[in-house]
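Only one structure is covered here, and it is reproduced in the block below.
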Amino acid sequence: MKVFKTGLATAITLLLVWALNQSWDVGQSIPPLGKFVDPFHGFWQNAEAAPAREENLSIPGLQQPVTIVYDSAMIPHIFAQNESDLFLAQGFVTARHRFWQMEFQTHAGAGRISEIVGEKALNYDRSQRRLGMVYAAQQALASMMSNPVTAAMIQSYTKGVNAYVAGLSYEDYPIEYKLLDYAPEPWTDLKSALLLKNMAQTLNMGEKDIEMTNALKLFGRETVDLLYPDNERVGEPIVDNAGQWKFQPVTIDSLPLAVPDEFVTIPPTKKVPADVGSNNWAVSGKKTITGSPILCNDPHLNLSLPSIWYMIHLNAPGLNTMGASLPGAPAVISGFNDSIAWGVTNAQRDLVDWYKIQFRDSLKNEYLYDGAWRKATHVAEVFAIKGKPSFADTIVFTHHGPVVYDERFQPDRELKHYAFRWVAHDPSNELMTFYQLNRARNHTDYMAALDYYTSPAQNFVFASVNGDIAMRIQGKYPVRRPGEGKFLLDGTRSASEWQAFIPNEQNVMHKNPARDFVSSANQYPVDDTYPYYINGSSWEAYRNRRINQLLSESEEITPTDMKELQADNYNLKAAESLPAWLTALDSAQLTPTEQKAFATLREWDFYNHTESEGASYYEAWWDALYPMIWDEMRNEKIALEYPSTYNTLKLIRTQPTLSFFDIAATPEKETARDVLRKSFSEGVGAIEKWKNEKGKNAAWADYKNSFIGHLLQGLPAFSYHVRHGGNHDIVNAHSRTHGPSWRMVVSLEKKGVRAWGIYPGGQSGNPGSPYYNHLLDTWVRDEYLTLAFTGADKLKTQALATTTLTPATK
Amino acid sequence: MKFLAQVLVTVVICFLVQTFFPWWTLAVVCVVVGYGFRQGGFSSFMAGFLGLALLWVGMAMVIDHQTNSILTEKINRLLPVNAFLLTGLIGALVGGFASLTGALAAAKPKRRW
């Protein structure tokens, strides 16, 4: 009896310990509860109070002591005595605040999410590897390593990150590791490269070659040109230099269009929404109150937590730069130093193509190329899956790039092979650009720095204390023949390949233009006299015009004016479209509710402020109208693309009887006026339904319901809803999910550069830290931090904490 | 008296051992302490149960207080049950069964005559 009882108690104890020491998947993932709730090592240990005021850490690989002062906004100011120590310290402090995010993003880049969350991420992972993300990162790393400056930079950064990783035990793991029950792994140089390729993927994947090819087959060339023009001719291009492009352009033989004979039934790669965009501009001293240039930048990305950017101030001999860095990569990406400032917006250019491949046989060892058989490379990929045996895949590489779709990775039975050509697969060393920008003194240095920059193509704005302002649309662009790259291409002939690239000095750029400002907001880049064909995923039509209008009108500009412009909520799209829409409702029979909505819209001032109800009604109307017009584009078998917002509104205005306004599902023949009326009723209905559900008025901020989600699928406990104005197509470009991920205003005054910055979130990536979201409210109020761009002694007087890193003695 | 002593000893030793070792070492401590005290099975179970509930909830409360509940609030939204309750219950159950195991292993067989 005793033995039995003891045995039973032992068994229960062991069973409990075993069950509570591992994670369970019961439809929902449950962390190992014993480990997780243990207050000595589990999640409780992730709760942070104020940081230690003084701290001394011994770091292996460091050459000389480094001082890090954290200012009141938790921004680290790093003072190092040499560059290698500087980047090591940057890696170390960034990892301390953001390591989980750094690793998660590089796992996402490399297609390794299944290792963490299980089989549900397998398709995502396979798609990442089939797009050649790891291959692209390897190519980039090889370039970085072949340059001694960037090689040292990246190796130091890795050392710094690993100094943090080496000191970790379970209780120190960021909380996400404890939740998902996995462990941090050492950082590698390749991971920094992967991170940069992630950004390239975000900014280049608006391409729609498959959709355009299908549209061409379905509607014909004339309709395609009408619905999807290459240039919508709206507003000013980024650079208007008409007649001044005095160089001999590279020319190549024209290319006959060779579109596949059949519809393309494969699903396109996951689209990046058009909300991804950015604003940047610089005004010359002639237009400012101080007589010095002011530069502004705000990149619009999918807002997430931990925050996309990490503010940092880097000091070493010959270097004093501050701004936003990307966790996982050395240097400052959008920022300033004591002589210049720079910022970036996406150039939108089409740098992605798909080539139809003809394999010799099902072995796919050879493919047809200029009448001969060329060898393909097979790369075996293994995907570790949490809780399951691993999965093996083989990716076939042609010289164009990886064959993303084949019978292993394609839901339908029709075998089609398309190879993916992406400029980010080519060797490049963007890190060198940022290294040089960080220490640039003038326009010449800026130009030299950009010569290293390949991808993702960006509009680089520039201003200097010397008084220069400039814009350069930098990237590696294939010389396109008219129409090339818009549709799928024939992979069997060398003639349809990228033949040459636009030389750097022939890229679109200008310096100190007559209008005394430069600006970009993802619009069409250049005037008609530029001698190269330009194709892009989408061109912005509203923000750019509003910015340019206000900048042209303004004189004696102050930094405060620039902050107000970044937060401008004027809805130009509504101002241009709504009056005519309301006219279209004339003589229509409106219900009492619709009459009230009509009145609200008529009185609306076109500003998407937080409390505006007109903005909500307008948006609901548009959300009903847009898909109603383009019902023809929702096809179950083939992918098609809606025409742009601007073009849709233009067609309503100019061609109201176009056949596309007819709703295919109804017997009547609708015109633009009919769909406007129908969608108005639908939109008002949507608002009424919303009001009934929420029991409150449809104030814009509530109706929009912006959400800043944690990287783990917006885990509610670690995410926030915010009440904020703005929207896509508005300068304050905050839609429900996307928005200004970093706002910066820099006044380049001779007596000292002054700068302001803010982003939604906080410096720490730890949900258990007071610094996880300490900047969020300031950002939502459209306010800024004054960036403390000063020396260590002055900073120390109001520092939160000071950390001294000393070389570890062997 | 012996009961309170076992609770106290469990708390103190678990605190020391847990500071350095993983969570499951509490079970080892409880088995040993339970064996040493040679109480009845129920008393030993309760001593371990209470000891670990006190230790884990107490420790959690100290952290919660020092950090202004910054993480507790978030975890309460994440978990279906209150974070303190779950922490206390899990520590207590393992502590209780481990202490019971120790006590049972130490108990002399009852004489039936």
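The values are calculated or read from the model by the stated rules, or taken from the named source; none is laboratory data. Just so it is clear, the model here is predicted, and its values are computed rather than measured. Here the Cβ positions follow ideal geometry from the backbone for every residue, glycine too, while neighbour counts run over all protein chains shown.
Provide a single number: the residues in the stretch A:338-376 that are β-branched (Val, Ile, Thr) and farther than 25 Å from A:Val264 by Cα.
3
Taking the stretch B:78-92 on its own, how many of its residues are facing chain A (nearest Cβ under 7 Å) and touching a Ser or Thr at 6+ places or on another chain (Cβ under 7 Å)? Talk me through it step by step, then tell me what you get.
Kept after step one, since they are facing chain A (nearest Cβ under 7 Å), are these residues of the stretch B:78-92: B:78, B:86-87, B:90.
If we keep only those that are touching a Ser or Thr at 6+ places or on another chain (Cβ under 7 Å) too, we end up with none.
The total comes to 0.
Among the residues of the stretch B:85-101, are any surrounded by fewer than 20 Cβ atoms within 10 Å (Cβ to Cβ) and aromatic (Phe, Trp, Tyr)?
no
Considering A:Tyr759, A:Tyr772, which residue is in contact with a Ser or Thr (Cβ under 6 Å, 6 or more places away or on another chain) and within 23 Å of A:Ile294 (Cβ to Cβ)?
Selected residue: A:Tyr759, the only one of A:Tyr759, A:Tyr772 that is in contact with a Ser or Thr (Cβ under 6 Å, 6 or more places away or on another chain) and within 23 Å of A:Ile294 (Cβ to Cβ).
Within the stretch A:695-740, can you find the residues that are part of a helix (DSSP H, G or I) and more than 14 Å from chain B (Cβ to nearest Cβ)? Talk me through it step by step, then tell me what you get.
Just the residues of the stretch A:695-740 that are part of a helix (DSSP H, G or I), to begin with: A:700-704, A:716-718.
Residues satisfying the conditions are A:Trp700, A:Ala701, A:Asp702, A:Tyr703, A:Lys704.
Which is at pLDDT 95 or above and either under 27 Å from A:Phe391 (Cα atoms) or polar (S, T, N, Q) (or both), of A:Tyr177, A:Tyr135, A:Tyr124?
A:Tyr177
For every residue, the table says whether it meets (1) surrounded by 15 or more Cβ atoms within 10 Å (Cβ to Cβ); (2) at the interface with another protein chain (Cβ under 10 Å from one of its Cβ atoms); (3) small (Gly, Ala, Ser); (4) assigned to a helix (DSSP H, G or I).
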{"position": "B:Phe3", "(1), (2), (3), (4)": "yes, no, no, yes"}
{"position": "B:Val11", "(1), (2), (3), (4)": "yes, no, no, yes"}
{"position": "B:Trp23", "(1), (2), (3), (4)": "yes, yes, no, no"}
{"position": "B:Ala27", "(1), (2), (3), (4)": "yes, yes, yes, yes"}
{"position": "B:Tyr35", "(1), (2), (3), (4)": "yes, no, no, yes"}
{"position": "B:Gly51", "(1), (2), (3), (4)": "yes, no, yes, yes"}
{"position": "B:Leu55", "(1), (2), (3), (4)": "yes, yes, no, yes"}
{"position": "B:Gly58", "(1), (2), (3), (4)": "no, yes, yes, yes"}
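Read through the list (1) assigned to a loop (DSSP other than H, G, I, E, B); (2) more than 7 Å from every other protein chain (Cβ to nearest Cβ); (3) over 27 Å from A:Ile385 (Cα atoms); (4) within 34 Å of the chain's Cα centre (by Cα), then give the number of the only condition that A:Val69 fails.
Against the list (1) assigned to a loop (DSSP other than H, G, I, E, B); (2) more than 7 Å from every other protein chain (Cβ to nearest Cβ); (3) over 27 Å from A:Ile385 (Cα atoms); (4) within 34 Å of the chain's Cα centre (by Cα), A:Val69 comes up short only on (1).
Just the residues that are over 13 Å from A:Ile629 (Cα atoms) and surrounded by fewer than 16 Cβ atoms within 10 Å (Cβ to Cβ), please, taken from the stretch A:663-681.
Once the filter is applied, which keeps residues that are over 13 Å from A:Ile629 (Cα atoms) and surrounded by fewer than 16 Cβ atoms within 10 Å (Cβ to Cβ), the stretch A:663-681 yields A:Pro667, A:Glu668.
What's the number of the only condition in (1) within 7 Å of another protein chain (Cβ to nearest Cβ); (2) under 13 Å from A:Phe40 (Cα atoms); (3) in a helix (DSSP H, G or I) that B:Ile75 fails to meet?
(2)
Conditions: (1) touching an Asp or Glu at 6+ places or on another chain (Cβ under 8 Å); (2) part of a helix (DSSP H, G or I); (3) crowded, with 20+ Cβ neighbours inside 10 Å. A:Ala163 meets all but one. Number of the miss?
Here A:Ala163 meets the rest and fails (1).
Restricted to the stretch A:188-231, and to residues that are assigned to a helix (DSSP H, G or I) and touching a Lys or Arg at 6+ places or on another chain (Cβ under 8 Å), which residue is surrounded by the fewest Cβ atoms within 10 Å (Cβ to Cβ)?
Taking the candidates together, the pick is A:Asp209.
Residues are listed down the side, and each one gets a yes or a no for (1) of a type in the set (S, T, N, Q); (2) farther than 27 Å from A:Ser114 by Cα; (3) in a strand (DSSP E or B):
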site	(1), (2), (3)
A:Pro327	no, no, no
A:Val332	no, yes, no
A:Thr345	yes, yes, yes
A:Tyr355	no, yes, yes
A:Leu363	no, yes, no
A:His378	no, no, yes
A:Val382	no, no, yes
A:Pro389	no, no, yes
A:His400	no, yes, no
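Determine whether the stretch B:93-106 contains at least one residue that is facing chain A (nearest Cβ under 7 Å), part of a helix (DSSP H, G or I) and in contact with an Asp or Glu (Cβ under 9 Å, 6 or more places away or on another chain).
Start the filter on the stretch B:93-106 by keeping residues that are facing chain A (nearest Cβ under 7 Å), which leaves B:93-94, B:97-98, B:100-101, B:104-105.
Retained after the next criterion (residues that are part of a helix (DSSP H, G or I)): B:93-94, B:97-98, B:100-101, B:104-105.
Next, only the ones that are in contact with an Asp or Glu (Cβ under 9 Å, 6 or more places away or on another chain) stay: none.
The answer is no, given that none of the residues of the stretch B:93-106 is facing chain A (nearest Cβ under 7 Å), part of a helix (DSSP H, G or I) and in contact with an Asp or Glu (Cβ under 9 Å, 6 or more places away or on another chain).
What are the pairs with Cβ atoms under 7 angstrom where one residue, in the stretch A:23-47, is more than 7 Å from chain B (Cβ to nearest Cβ) and the other, located anywhere, is surrounded by fewer than 16 Cβ atoms within 10 Å (Cβ to Cβ) and aromatic (Phe, Trp, Tyr)? Sequence gap at least six, or different chains.
A:Ile30/A:Trp24
Considering each residue of the stretch A:546-586, count those that are in a helix (DSSP H, G or I) and either out of contact with any strand residue (DSSP E or B) (no Cβ under 7 Å at 6 or more places or on another chain) or polar (S, T, N, Q) (or both), and give that number.
Going through the stretch A:546-586 one residue at a time, the tally reaches 23.
Just give me the residues in the stretch A:166-187 being within 14 Å of chain B (Cβ to nearest Cβ), buried (at least 18 other Cβ atoms within 10 Å of the Cβ) and in a loop (DSSP other than H, G, I, E, B), in sequence order.
A:Tyr173, A:Pro174, A:Asp181 - these are the residues of the stretch A:166-187 that are within 14 Å of chain B (Cβ to nearest Cβ), buried (at least 18 other Cβ atoms within 10 Å of the Cβ) and in a loop (DSSP other than H, G, I, E, B).
Looking at the stretch A:72-87 only, could you name the residues that are assigned to a helix (DSSP H, G or I), of a type outside the set (D, E, K, R) and in contact with a strand residue (DSSP E or B) (Cβ under 7 Å, 6 or more places away or on another chain)? Give the derivation first.
Kept after step one, since they are assigned to a helix (DSSP H, G or I), are these residues of the stretch A:72-87: A:83-87.
When the remaining residues are screened for being of a type outside the set (D, E, K, R), the result is A:84, A:86-87.
Result: A:Leu86, single match.
Exactly one condition in (1) more than 7 Å from chain B (Cβ to nearest Cβ); (2) on the phi < 0 side of the Ramachandran plot; (3) out of contact with any strand residue (DSSP E or B) (no Cβ under 9 Å at 6 or more places or on another chain) is not met by A:Arg53; state its number.
Evaluating A:Arg53 over (1) more than 7 Å from chain B (Cβ to nearest Cβ); (2) on the phi < 0 side of the Ramachandran plot; (3) out of contact with any strand residue (DSSP E or B) (no Cβ under 9 Å at 6 or more places or on another chain) leaves (3) as the failure.
Looking at A:Thr657, A:Thr666, A:Thr648, which is the one that is of a type in the set (S, T, N, Q) and assigned to a helix (DSSP H, G or I)?
Testing whether each residue is of a type in the set (S, T, N, Q) and assigned to a helix (DSSP H, G or I) leaves just A:Thr648.
If only one of A:Asn320, A:Asn279 is closer than 23 Å to A:Val745 by Cβ, touching a Lys or Arg at 6+ places or on another chain (Cβ under 9 Å) and crowded, with 24+ Cβ neighbours inside 10 Å, which one is it? Walk me through how you get there before you give the answer.
Numbers: A:Asn320 fails: crowded, with 24+ Cβ neighbours inside 10 Å.
After ruling out the rest, the residue left standing is A:Asn279.
Being in a helix (DSSP H, G or I) and touching a Gly at 6+ places or on another chain (Cβ under 9 Å) is the filter; apply it to the stretch A:758-810 and report the residue that is farthest from the other protein chains (Cβ to nearest Cβ).
Among those residues, the one meeting the criterion is A:Trp779.
Applying the selection to the stretch A:424-451, what residues are without any contact (Cβ under 8 Å) to a residue 60 or more places away in the chain and within 21 Å of the chain's Cα centre (by Cα)?
If the condition is that a residue be without any contact (Cβ under 8 Å) to a residue 60 or more places away in the chain and within 21 Å of the chain's Cα centre (by Cα), then A:Thr433, A:Leu450 are the ones that fit.
So which strands (runs of 3 or more DSSP E) are wholly in the stretch A:443-541 and hold at least 2 residues that are surrounded by 23 or more Cβ atoms within 10 Å (Cβ to Cβ)?
Strands (runs of 3 or more DSSP E) meeting the threshold: A:458-464, A:469-474, A:517-520.
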